[in-house]
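A short write-up of the structure that comes next.
The values are calculated or read from the model by the stated rules, or taken from the named source; none is laboratory data. All figures in this text were calculated on a predicted structure; none of them were measured in a lab. Backbone-built Cβ (ideal geometry, glycine too); neighbour counts: all protein chains shown. When the accessible area is computed, the model is the full protein with side chains, heavy atoms only, and any ligands, DNA or RNA have been set aside. Shrake-Rupley method; radii C 1.70, N 1.55, O 1.52, S 1.80 Å.
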Amino acid sequence: MDIIMKNDARSRKRAHGLCYRVLRERHPHLHNKFIQEAYKRALAIYRSYRKLLNKWKRLAKKKKKRVLPPSPPTVEDNRVIELHVDTYKLERRYGFLVLTISKGSSVYLRFLIMEYDYARREIGGARLGNSKVLVDEDSIFLLLTIRRNVEVDEHRNKLFIDINEDSIDYLLVNYDGNEAILFSVRHDIRRIRTNYRRIRKSVQEKVKNPKLRDKLLAKYGYRERKRVEDRLKKLTTLLAEIAKECNTDLVRENLKDLKLNGKKKSKQLNYRLSAFPYRRFIEYLDYKFYERGLSVLEVNAKGTSITCPICGYVDKKNRIDKEKFRCRRCGFSFNAQYVACLNLFSRSNDGRVAIRGGKLHLISRKTAPVVAVDVAPDEPPIKMRWLREKPVQVPVVLKIPKR
């Protein structure tokens with residue numbers, strides 16, 4: 001860490017040139033992979049520190065009052081040992097799992113592993129990756145990374161999702177069960193982020209002691225991250241369970257070009273729109289679908305919330321408010337939360353949306369037209385487990401008549 005900070009190394013190549021020979025001469029009997037992982041971790045910490053430093057410089061220019069700079073990184077409290085995949089192996093001896101770590105120069109450390117039931121199921125047949133050893137006072141934990149090959153197949157049924165700041169909206173087209181369902185699940189992630197933002201602002205204004213203020217901000221920031229991550233994992237697990245039950249693939253928006261232009265929008269609006277971690281949600285969602293052998297398709301999402309699914313007319317005035325959509329050309333009216341899902345259905349080459357006899361139809365290339373026949377039932381497609389808020393149930397049920 002001292003070498004990287006003193007020489008302002010920002011690339012792995014420069015860090016290797018500065019650190020590798022020095023550390024090899026200082027620790028000649030240590031496995032070379034430990035040296036490589038050491039300067040890689042130090043480089044990552046230094047990059048994070050530089051980001052905080054640049055942010056502090058910008059804030060210091062804007063604010064008149066004095067703002068304390070971030071503390072330089074230290075390694076005194078480091079409790080993590082990086083394990084390269086070439087430095088350790090796991091083997092089962094007499095029914096027990098044994099971790100063998102190569103220290104270097106034919107010196108090995110062996111640990112007896114106490115397994116969780118979940119870990120015992122997942123380790124079998126999986127490939128090991130770079131892992132970590134966490135030393136917590138009198139306990140030692142192995143943070144194991146495994147890789148498993150999963151066969152992903154394509155299915156006829158599709159689950160179309162539209163991600164919003166306070167809800168996730170879905171169109172489930174089940175060709176096997178001859179039905180299509182529109183439903184929505186609400187979440188409280190925006191409320192969590194807003195509440196913690198208010199708490200941090202109050203701490204910054206009222207707490208004058210710098211050390212106490214930084215300690216409180218770190219505590220509430222940790223709580224916020226953990227609660228948001230908890231919601232994301234529960235949401236994505238819920239969707240994956242629904243898709244697995246109905247044997248459906250995922251069709252979602254392509255968020256590659258998602259950007260917020262802070263110059264054209266207010267600061268408060270930008271924070272509200274960025275309160276939901278879209279990219280992390282997509283990362284968790286794709287992982288859970290692939291884990292269950294379901295494929296994921298991306299569709300261009302540009303203008304899906306302001307495009308009429310019937311005539312294709314695009315106008316910002318089509319969306320009257322958050323809940324109402326009315327096309328200014330053809331007069332089509334529908335719940336604005338589900339218009340994007342219908343447009344994703346049309347853009348995914350599965351079919352198109354039309355109105356016949358005053359009813360909404362999904363003209364599919366795979367089966368006969370989908371016709372709206374009933375109001376939503378009281379129960380969702382499968383039993384939904386939710387802790388904080390009750391999900392909004394199905395507003396429209398569409399049936400696919402058999403040929």
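Within the stretch 18-52, the set of residues being farther than 14 Å from P73 by Cβ and exposed (fewer than 14 other Cβ atoms within 10 Å of the Cβ) comprises R21, V22, R24, E25, R26, P28, H29.
The set of residues in the stretch 90-107 that are open to solvent by 80 Å² or more (accessible area, probe 1.4 Å) and closer than 19 Å to L134 by Cβ contains only K103. Applying the set (1) of a type in the set (K, R); (2) within 19 Å of V299 (Cβ to Cβ); (3) at pLDDT 90 or above to R252 leaves exactly one unmet item: (3).
Got at least one residue in the stretch 69-83 being hydrophobic (A, V, I, L, M, F, W, C), in a strand (DSSP E or B) and open to solvent by 90 Å² or more (accessible area, probe 1.4 Å)?
Step one: of the stretch 69-83, the residues hydrophobic (A, V, I, L, M, F, W, C) are 75, 80-81, 83.
From what's left, in a strand (DSSP E or B): 80-81, 83.
Those left that are additionally open to solvent by 90 Å² or more (accessible area, probe 1.4 Å): none.
The answer is no; no qualifying residue exists.
Take the conditions (1) free of Cβ contacts under 8 Å to residues at least 60 places away in the same chain; (2) closer than 23 Å to Y88 by Cα; R58 misses just one of them, which is (2). Among residues of the stretch 174-214 being touching a Lys or Arg at 6+ places or on another chain (Cβ under 8 Å) and free of Cβ contacts under 8 Å to residues at least 40 places away in the same chain, the one that is surrounded by the fewest Cβ atoms within 10 Å (Cβ to Cβ) is Q204. Within the stretch 85-107, being more than 33 Å from the chain's Cα centre (by Cα) and either in contact (Cβ under 8 Å) with a residue 24 or more places away in the chain or closer than 18 Å to K33 by Cα (or both) holds for T100, S102, K103, G104, S105, S106, V107.
When the stretch 108-163 is filtered for residues that are within 22 Å of the chain's Cα centre (by Cα), in a strand (DSSP E or B) and surrounded by fewer than 15 Cβ atoms within 10 Å (Cβ to Cβ), the ones remaining, listed by number, are L143, R147.
Considering only the stretch 304-341, state which residues are small (G, A, S) and over 21 Å from L172 (Cα atoms). Step through it out loud before you land on a result.
Of the stretch 304-341, the ones small (G, A, S) are 305, 312, 331, 333, 336, 340.
The answer is G312, G331.
Has the stretch 196-217 got at least one residue that is within 30 Å of A340 (Cβ to Cβ) and within 22 Å of the chain's Cα centre (by Cα)? There is at least one residue in the stretch 196-217 that is within 30 Å of A340 (Cβ to Cβ) and within 22 Å of the chain's Cα centre (by Cα).
Counting the residues of the stretch 270-292 that are open to solvent by 10 Å² or more (accessible area, probe 1.4 Å) and within 18 Å of L250 (Cα to Cα) gives 12.
Within the stretch 309-328, restricting attention to residues that are among the aliphatic types (A, V, I, L, M) and either touching a Gly at 6+ places or on another chain (Cβ under 6 Å) or open to solvent by 60 Å² or more (accessible area, probe 1.4 Å) (or both), the residue that is nearest to A340 (Cα to Cα) is V314.
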